[in-house]
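A quick write-up on the structure given underneath.
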Amino acid sequence: MKLSRKTVLLSSVTAAFAVVGGGAVIAEATAGGDEPDEPEGDQPVEETTADPVGELLASMSLEDKVGQLFMVYVHGESADSGDPDAVASNRERLGADDGAAFVAAYRPGGVIYFDWANGLADPEQVARLSNGLQDVSAVPLLIATDQEYGSVVRIGEPATQFPGAMPLGATRDAAAAEEAARIAGAELRAMGLNHNFAPDADVNVDPANPVIGVRSFGSDPGLVAEFAAAQVRGYQAGGVAVSAKHFPGHGDTSTDSHVGLPVITHTAEEWEAVDAPPFKAAIAAGTDMVMSAHLQFPALDDSLMPATLSPPILTGLLRERLGFTGVVVTDALDMQGVRTEYGDDRVPVLALLAGADLLLMPPDFPLAHRAVLDALAAGELTEERIDESVRRILTLKHSRGIVDDPEADEGAAADAVGTDANRAAAEDIADRSVTLLANDGTLPLASGSVLVTGWGENTTQRLAAALNANGFQAEAHVTGDEPDADAIAAAVAAAAGRDLVVVATRNVRAGSPQADLVAALLDGASDGDAAPVVTAAVGTPYDAAQLPGANASLAAYSYAAPSLAALAKVIAGAVEPTGTLPVDVPAASGGVLYPFGHGLGYR
């Protein structure tokens, strides 16, 4: 019988790992003075090895090794999906019809999941997809996703929905952050995922930051460091590898690296004081990966190479100065921030030369794959350099149990995901995160007629339903995310005769139509024609600076279901607001409106 390549490679690594374990037994017996039993017949005696990963590496071809350097996404809800749209997309981007065919042909290091590409609505389906991909992989895959919770969620309900990073920061409870990560990691692993691109280690010091915001635990380096380290430990305890991101720090920029190339203007001293502590803490806690950022940081590399392509940042700073020995993964290579000056064929090579190990989501995989092989053939990259990265990737897979146990129990996945106990933990965190910024005595309100309006059709409807569950007669009035004059007038009319108006807001800037809506509702209330107005920020708390005069102001930091339920409980007085700001909220006219640590209560 001809053995498959998967059988050969896995037999090699399994035997190597088994010999290491057996070597300890032989050493122990010899130390006790007893001779080990002679093998029966002509059975060969295997030599012990202290480097099972090295044995696997030595068994791999150059093409095998290059494949391990890549993590991509595939389309399809199953590994062998025949959906015509999925097939067409896979052919265009990957050069294969489906995920299974791609994995078998190119032997990548990993696959990343997205809800829009892979469904991800049913735990058993996710587990089946994971097993289907692992079954055809010569070396077990890293299977990853971006499940930060809050504003970045790839796997929705029935998976437990935690509020996210900034709400956790508002609780000031690092133990809760660790437990949330442990629960989340266990749910991911039950569905066959073994890697999460979290936690976010950025310190969000720019209120206008369009890409980080509530993904950060806060604006204080010590707070972010404590919580990032806690989540590293928690995710790993739950069974998944982690990736602290986005090195060397993405918290002080007004440019989104998905669409442009940000520039961080911190001095080297400011980087040391502000940006570095969370990454140092994550490394000390044992983070498996550090993800690079697509941004320029002139104080750290005056060549202005994006950090993802910068040897001084990835090798000089991260490897040599901070002593990180794990896997360096790039942020997605299809983002504009890393494509502004170099073609898609050069970016992967430059990233490897800079010190990256794992290349995430190149926009044209066959082009990127061929570019790395061509660079090897030309001598620009050496096989020794590739071996360094592949060894790190294989070591991670071994240390996290991915080699030994790559597959999920499909039948058990549904029972392990979204349990009552897990949901209760998420609800408790949400309840303790809601922050009362201002209150003229309007809150709490035990009952009455409430109009819920503002940002997000789903958000306003879910918040109204949560208020109804707390004894109110609440109605959602959809205005659209940027209401025009007619929508605002309709909301003011709908507010007449109510006991309270709650306006959900998100990312309110100067001149925002959301601010116009709140102002119009307040004008109606001052005329005696409408109810008191409570604003509820379901994104960053910075909205409050643009919404003066509200009778009460709340920050939930999240529009996840537990956070909306917590808002309703706080409005009703069923839960005391105990959250405190994890950031400064600047005043629109300058200075600080609400400082770090601010938070009111009802007592």
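Name the residues in the range 293-314 that are of a type in the set (S, T, N, Q) and touching a Leu at 6+ places or on another chain (Cβ under 9 Å), would you? Break it down stepwise before answering.
Initially, the range 293-314 is screened for residues of a type in the set (S, T, N, Q), giving 296, 303, 308, 310.
Matches in the range 293-314: 296, 308, 310.
From 493, 519, which residue is open to solvent by 60 Å² or more (accessible area, probe 1.4 Å), without any contact (Cβ under 8 Å) to a residue 40 or more places away in the chain, assigned to a helix (DSSP H, G or I) and small (Gly, Ala, Ser)?
Numbers: 519 fails: open to solvent by 60 Å² or more (accessible area, probe 1.4 Å).
Going through 493, 519 in turn, just one is open to solvent by 60 Å² or more (accessible area, probe 1.4 Å), without any contact (Cβ under 8 Å) to a residue 40 or more places away in the chain, assigned to a helix (DSSP H, G or I) and small (Gly, Ala, Ser): 493.
Just checking, which of 155, 183 is aliphatic (A, V, I, L, M), in a loop (DSSP other than H, G, I, E, B) and in contact with a helix residue (DSSP H, G or I) (Cβ under 8 Å, 6 or more places away or on another chain)?
Details: 183 fails: in a loop (DSSP other than H, G, I, E, B).
Only one candidate passes the filter, namely 155.
Go through the range 438-448 and count every residue that is of a type in the set (Gly, Ala, Ser) and open to solvent by less than 40 Å² (accessible area, probe 1.4 Å).
Step one: list which residues in the range 438-448 are of a type in the set (Gly, Ala, Ser), which gives 438, 441, 446-448.
Then drop every residue that is not open to solvent by less than 40 Å² (accessible area, probe 1.4 Å), which leaves 438, 448.
Result for the range 438-448: 2.
With respect to residue 189, is the statement that it is in contact with a Lys or Arg (Cβ under 9 Å, 6 or more places away or on another chain), of a type in the set (Lys, Arg) and open to solvent by 10 Å² or more (accessible area, probe 1.4 Å) true?
Numbers: in contact with a Lys or Arg (Cβ under 9 Å, 6 or more places away or on another chain): no; of a type in the set (Lys, Arg): yes; open to solvent by 10 Å² or more (accessible area, probe 1.4 Å): yes.
It is false that residue 189 is in contact with a Lys or Arg (Cβ under 9 Å, 6 or more places away or on another chain), of a type in the set (Lys, Arg) and open to solvent by 10 Å² or more (accessible area, probe 1.4 Å).
With (1) modelled with pLDDT under 95; (2) surrounded by 15 or more Cβ atoms within 10 Å (Cβ to Cβ) as the list, and residue 350 as the residue in question, which single condition is left unmet?
(1)
Of all the helices (runs of 4 or more DSSP H) wholly in the range 382-451, which have at least 1 residues that are in contact with a Lys or Arg (Cβ under 6 Å, 6 or more places away or on another chain)? First the steps, then the outcome.
Values: elements: 383-399, 410-416, 420-433.
Correct list: 383-399, 410-416.
Taking residue 545 as the residue in question, decide whether it is open to solvent by 10 Å² or more (accessible area, probe 1.4 Å) and in a loop (DSSP other than H, G, I, E, B).
Numbers: open to solvent by 10 Å² or more (accessible area, probe 1.4 Å): yes; in a loop (DSSP other than H, G, I, E, B): no.
No.
Name the pairs: first residue in the range 377-400 and touching a residue at least 60 places away in the same chain (Cβ under 8 Å), second residue charged (D, E, K, R) and assigned to a helix (DSSP H, G or I), Cβ to Cβ under 9 Å, at least 6 apart or on different chains?
Listed pairs, sorted by first residue: 383/65; 386/65; 387/65; 389/65; 390/64; 390/65.
Please work out if residue 558 is among the hydroxyl-bearing types (Ser, Thr, Tyr), crowded, with 19+ Cβ neighbours inside 10 Å and assigned to a helix (DSSP H, G or I).
Values: among the hydroxyl-bearing types (Ser, Thr, Tyr): yes; crowded, with 19+ Cβ neighbours inside 10 Å: yes; assigned to a helix (DSSP H, G or I): no.
Answer is no for this residue.
What are the pairs, 6+ residues apart or on separate chains, where a residue within the range 265-289 that is modelled with pLDDT of 95 or more has its Cβ under 8 Å from a residue that is among the basic types (Lys, Arg) and part of a helix (DSSP H, G or I)?
285/233; 286/233
For the range 192-223, name all the residues that are open to solvent by 30 Å² or more (accessible area, probe 1.4 Å) and β-branched (Val, Ile, Thr).
If the condition is that a residue be open to solvent by 30 Å² or more (accessible area, probe 1.4 Å) and β-branched (Val, Ile, Thr), then 205 is the only one that fits.
Among (1) at pLDDT below 95; (2) of a type outside the set (A, V, I, L, M, F, W, C); (3) in contact with a strand residue (DSSP E or B) (Cβ under 6 Å, 6 or more places away or on another chain), where does residue 553 come up short?
(1)
Determine whether the range 522-535 contains at least one residue that is within 20 Å of residue 149 (Cβ to Cβ) and small (Gly, Ala, Ser). Let's see the steps before the verdict.
Going through the range 522-535, the residues within 20 Å of residue 149 (Cβ to Cβ) turn out to be none.
Scanning the range 522-535, I find no residue that is within 20 Å of residue 149 (Cβ to Cβ) and small (Gly, Ala, Ser), so the answer is no.
Checking residue 232 against (1) within 26 Å of residue 417 (Cα to Cα); (2) of a type in the set (Val, Ile, Thr); (3) in a loop (DSSP other than H, G, I, E, B), which test does it fail?
With (1) within 26 Å of residue 417 (Cα to Cα); (2) of a type in the set (Val, Ile, Thr); (3) in a loop (DSSP other than H, G, I, E, B) applied to residue 232, the lone miss is (3).
Tell me, which residue of the range 318-332 that is in contact with a helix residue (DSSP H, G or I) (Cβ under 9 Å, 6 or more places away or on another chain) and hydrophobic (A, V, I, L, M, F, W, C) is nearest to residue 262 (Cα to Cα)?
Step one: filter the range 318-332 for residues in contact with a helix residue (DSSP H, G or I) (Cβ under 9 Å, 6 or more places away or on another chain), giving 318, 322-328, 330-332.
Those left that are additionally hydrophobic (A, V, I, L, M, F, W, C): 318, 322, 324, 327-328, 332.
Details: 318: 20, 322: 23, 324: 25, 327: 24, 328: 20, 332: 15 Å.
The selected residue is 332.
Under 7 Å by Cβ, and 6 or more places apart or on different chains, what pairs join a residue from the range 200-223 that is at positive phi with one that is of a type outside the set (Gly, Ala, Ser)?
Correct list of pairs: 213/204; 213/540; 218/166; 218/204; 218/224; 218/582; 218/583.
Filter the range 117-140 for residues that are in a helix (DSSP H, G or I) and in contact with a Lys or Arg (Cβ under 9 Å, 6 or more places away or on another chain) and give the result. Give the steps one after another, and end with the answer.
At the first step, the residues of the range 117-140 found to be in a helix (DSSP H, G or I) are 117-118, 123-135.
Passing the criteria: 118, 135.
Can you give me the number of residues within the range 311-340 that are more than 23 Å from the chain's Cα centre (by Cα) and in contact (Cβ under 8 Å) with a residue 12 or more places away in the chain? Even if it seems obvious, please write down each step before you answer.
Here is the first cut: in the range 311-340, the residues more than 23 Å from the chain's Cα centre (by Cα) are 311-312, 315-317, 320-321, 323, 340.
Narrowing further to those that are in contact (Cβ under 8 Å) with a residue 12 or more places away in the chain: 311-312, 315, 317, 323, 340.
Looking only at that region, the number is 6.
To keep it simple, each residue is scored yes or no on (1) of a type in the set (Lys, Arg); (2) touching a Phe, Trp or Tyr at 6+ places or on another chain (Cβ under 9 Å); (3) more than 23 Å from residue 74 (Cβ to Cβ); (4) at pLDDT below 95.
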site	(1), (2), (3), (4)
362	no, yes, no, no
368	no, yes, no, no
372	no, yes, no, no
381	no, no, yes, no
386	no, no, yes, no
393	no, no, no, no
398	no, yes, yes, no
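Identify all residues within the range 323-345 that are surrounded by fewer than 16 Cβ atoms within 10 Å (Cβ to Cβ) and either in a loop (DSSP other than H, G, I, E, B) or aliphatic (A, V, I, L, M) (or both); write none if there are none. I'd like the intermediate steps shown before the answer.
Taking the range 323-345 first, the residues surrounded by fewer than 16 Cβ atoms within 10 Å (Cβ to Cβ) are 323, 325, 336, 340-341, 343.
Answer for the range 323-345, where residues must be surrounded by fewer than 16 Cβ atoms within 10 Å (Cβ to Cβ) and either in a loop (DSSP other than H, G, I, E, B) or aliphatic (A, V, I, L, M) (or both): 323, 325, 340, 341, 343.
What are the residues in the range 225-278 that are surrounded by 24 or more Cβ atoms within 10 Å (Cβ to Cβ) and at positive phi, if any?
Once the filter is applied, which keeps residues that are surrounded by 24 or more Cβ atoms within 10 Å (Cβ to Cβ) and at positive phi, the range 225-278 yields only 249.
Being crowded, with 23+ Cβ neighbours inside 10 Å and in contact with a Gly (Cβ under 9 Å, 6 or more places away or on another chain): is that true of residue 301 here? Show your work before the answer.
Working: crowded, with 23+ Cβ neighbours inside 10 Å: no; in contact with a Gly (Cβ under 9 Å, 6 or more places away or on another chain): yes.
The answer is no for residue 301.
Please verify whether residue 407 is charged (D, E, K, R) and farther than 18 Å from residue 137 by Cα, treating the condition exactly as stated. Reasoning before the result, please.
Values: charged (D, E, K, R): yes; farther than 18 Å from residue 137 by Cα: no.
Criteria not met by residue 407.
Being open to solvent by 60 Å² or more (accessible area, probe 1.4 Å) and more than 29 Å from residue 540 (Cβ to Cβ) is the filter here, so list the residues in the range 412-437 that pass it.
Our first condition is that a residue be open to solvent by 60 Å² or more (accessible area, probe 1.4 Å); within the range 412-437, this holds for 415, 420-421, 423, 427-428, 432.
If the condition is that a residue be open to solvent by 60 Å² or more (accessible area, probe 1.4 Å) and more than 29 Å from residue 540 (Cβ to Cβ), then 415, 420, 421 are the ones that fit.
Checking residue 203 against (1) touching a strand residue (DSSP E or B) at 6+ places or on another chain (Cβ under 9 Å); (2) of a type in the set (A, V, I, L, M, F, W, C); (3) in a loop (DSSP other than H, G, I, E, B), which single condition isn't satisfied?
(1)
Would you pick out the residues in the range 449-469 that are in contact with a Ser or Thr (Cβ under 9 Å, 6 or more places away or on another chain) and either open to solvent by less than 10 Å² (accessible area, probe 1.4 Å) or on the phi > 0 side of the Ramachandran plot (or both)?
Once the filter is applied, which keeps residues that are in contact with a Ser or Thr (Cβ under 9 Å, 6 or more places away or on another chain) and either open to solvent by less than 10 Å² (accessible area, probe 1.4 Å) or on the phi > 0 side of the Ramachandran plot (or both), the range 449-469 yields 452, 453, 454, 460.
Would you pick out the residues in the range 288-298 that are in a loop (DSSP other than H, G, I, E, B) and open to solvent by less than 10 Å² (accessible area, probe 1.4 Å)? Before the answer, list the steps.
Initial filter on the range 288-298 (in a loop (DSSP other than H, G, I, E, B)): 288, 293-295, 297-298.
Correct list: 293, 294, 295, 297.
The values are calculated or read from the model by the stated rules, or taken from the named source; none is laboratory data. Worth saying up front: this structure is predicted, and the values here are computed from it rather than measured. FYI the Cβ positions are ideal-geometry reconstructions off the backbone, even for glycines, and counts take in every protein chain you see. Just so you know, the surface numbers come from the protein's heavy atoms only, side chains and all, with ligands and any DNA or RNA stripped out. Shrake-Rupley method; radii C 1.70, N 1.55, O 1.52, S 1.80 Å.
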